[in-house]
Amino acid sequence: MGSSQLAFQETEFDAPLAPALDVLVARAEARAILWGNHAMELQEAVDQLWEWADAQGLVKSVGADTVQAILADAFEPWQDRSC
């Protein structure tokens, strides 16, 4: 690094963490990409997402239909993937 040193300072984050629904959307989109590229089985991807959503209390708080809709929306663009 020569004579210059990188300085890192600790900072506190005032912004709250992303809400669980936003995290579910991001996780679902990532799993959909994996499935769409044949890196993951559909059942495995959906089951893991559902288990996570249930563990976070989303299924109870927003309802199963909402969680299902989020998952369906994430996977929909990949439905026509070639096998």
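Checking the structure you have, find out if any residue of the range 20-33 is over 14 Å from the mean Cα position of the chain (by Cα), surrounded by 12 or more Cβ atoms within 10 Å (Cβ to Cβ) and part of a helix (DSSP H, G or I).
So far as the range 20-33 goes, no, none of its residues is over 14 Å from the mean Cα position of the chain (by Cα), surrounded by 12 or more Cβ atoms within 10 Å (Cβ to Cβ) and part of a helix (DSSP H, G or I).
Could you grab me the full set of residues in the range 41-63 that are aliphatic (A, V, I, L, M) and touching a helix residue (DSSP H, G or I) at 6+ places or on another chain (Cβ under 8 Å)?
Selection gives Leu42, Ala45, Val46, Leu49, Ala53, Leu58, Val59, Val62.
It is to be established whether one or more residues within the range 49-63 are hydroxyl-bearing (Ser, Thr, Tyr) and loosely packed, with under 11 Cβ neighbours inside 10 Å.
No: the range 49-63 contains no residue that is hydroxyl-bearing (Ser, Thr, Tyr) and loosely packed, with under 11 Cβ neighbours inside 10 Å.
Quick note: the coordinates plus some simple rules give every number you see, no bench work behind them. The model shown is predicted, which means the values in this text are computed figures rather than measured ones. Every residue, glycine as well, gets a Cβ built from its backbone with ideal geometry; the counts of neighbours run over all protein chains shown.
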